[in-house]
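The values are calculated or read from the model by the stated rules, or taken from the named source; none is laboratory data. Quantities reported herein were computed from a predicted structural model and do not represent experimental measurements. All Cβ positions, glycine included, derive from the backbone under ideal geometry; neighbour counts span all protein chains shown.
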Amino acid sequence: MNLVSAGSKMIGDSPAMLDARSEFLGAGHYAPVRDALVAAVVASGDTPRRVVEAGCGTGYYLEGVLAGPAAGSAALAMDISPHAVARAVRGARALPNGPGGTVDGLVADIWRPLPLRDASAELLFTVFAPRNLPEFHRALTAQGRLIVVVPSVRHIWQLRESGQALDIPAEKAERLTAEAAPLFDQTSRAGVEYDIVLSPTDAAKLVGMGPSSHHAGQSAGDAEPVDIAVTVSVDVLTFTAR
């Protein structure tokens, strides 16, 4: 279902960006990030039966959740990009053992009122994606969990230092916690940091799979044609509704 108005100025991921992301994630570079998300779902308690990913992208993280702690759950993949939603739904439905429950897709602008019923989700999560906290709060059940993955200031600093990627604000996790405080209590926070060695091709995919592809100054093609060590650094935050 597509609920984005024809006049919307929001830009969703293009097929080229999704191709870059799918190839990069498929190589396992962000597997520890997905593992940390799955661990947060497990730690949050009971198996969620209704799951929403806001800003689903290729569905890489949704697949991890549905293959593990939320196996058999009904899931909704939501993104402003119709190409992303189609990929996410297709990937989740093609899991080796099947998703177990229904997997639906919704093309929607996360910054607008969400087309979700009140208290309709037991788990809502977002990874490197926009966060509409009032709407997330409305859509979650009283015992529901919100899990958010945000980059730290050290995330891919090597690429940002060379002008290939956008800057990341300092203390992003702390700002999120403060912003969420009127509606949510933070129940846990886990940091994940490790280094990966990327070929010039993979570095270009990393830059090309996100918003930096629209804004970066020096292109990945202009970088030195040598492998580069890149730091992956994120925070995984779990919240419950007040």
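Listing for the model above:
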read-out	value
Cross-chain or 6+ apart pairs with Cβ under 7 Å, the stretch 84-106 first and touching a residue at least 24 places away in the same chain (Cβ under 8 Å) and part of a helix (DSSP H, G or I), then of a type in the set (Val, Ile, Thr) and surrounded by 14 or more Cβ atoms within 10 Å (Cβ to Cβ)	ALA84/THR58; VAL85/VAL107; ARG87/THR58; ALA88/THR58; VAL89/VAL103; GLY91/THR58; ALA92/VAL103
Among the residues listed as ARG138, ARG175, the single one being basic (Lys, Arg) and surrounded by 17 or more Cβ atoms within 10 Å (Cβ to Cβ)	ARG138
Among (1) without any contact (Cβ under 8 Å) to a residue 40 or more places away in the chain; (2) surrounded by 15 or more Cβ atoms within 10 Å (Cβ to Cβ); (3) under 22 Å from VAL207 (Cα atoms), the one test that GLY28 misses	(2)
The stretch 155-172 - residue that is within 18 Å of the chain's Cα centre (by Cα) and closer than 14 Å to ALA229 by Cα and, of those, surrounded by the fewest Cβ atoms within 10 Å (Cβ to Cβ)	HIS155
Residues of the stretch 108-126 that turn out to be within 15 Å of the chain's Cα centre (by Cα), under 21 Å from SER44 (Cβ atoms) and among the aliphatic types (A, V, I, L, M), as a count	2
Selection from the stretch 35-49 of residues that are surrounded by fewer than 22 Cβ atoms within 10 Å (Cβ to Cβ) and either among the charged types (D, E, K, R) or modelled with pLDDT under 95 (or both)	ASP35, GLY45, ASP46, THR47, ARG49
Exclusive hit being without any contact (Cβ under 8 Å) to a residue 40 or more places away in the chain and at positive phi, set GLU171, GLU161, GLU135	GLU171
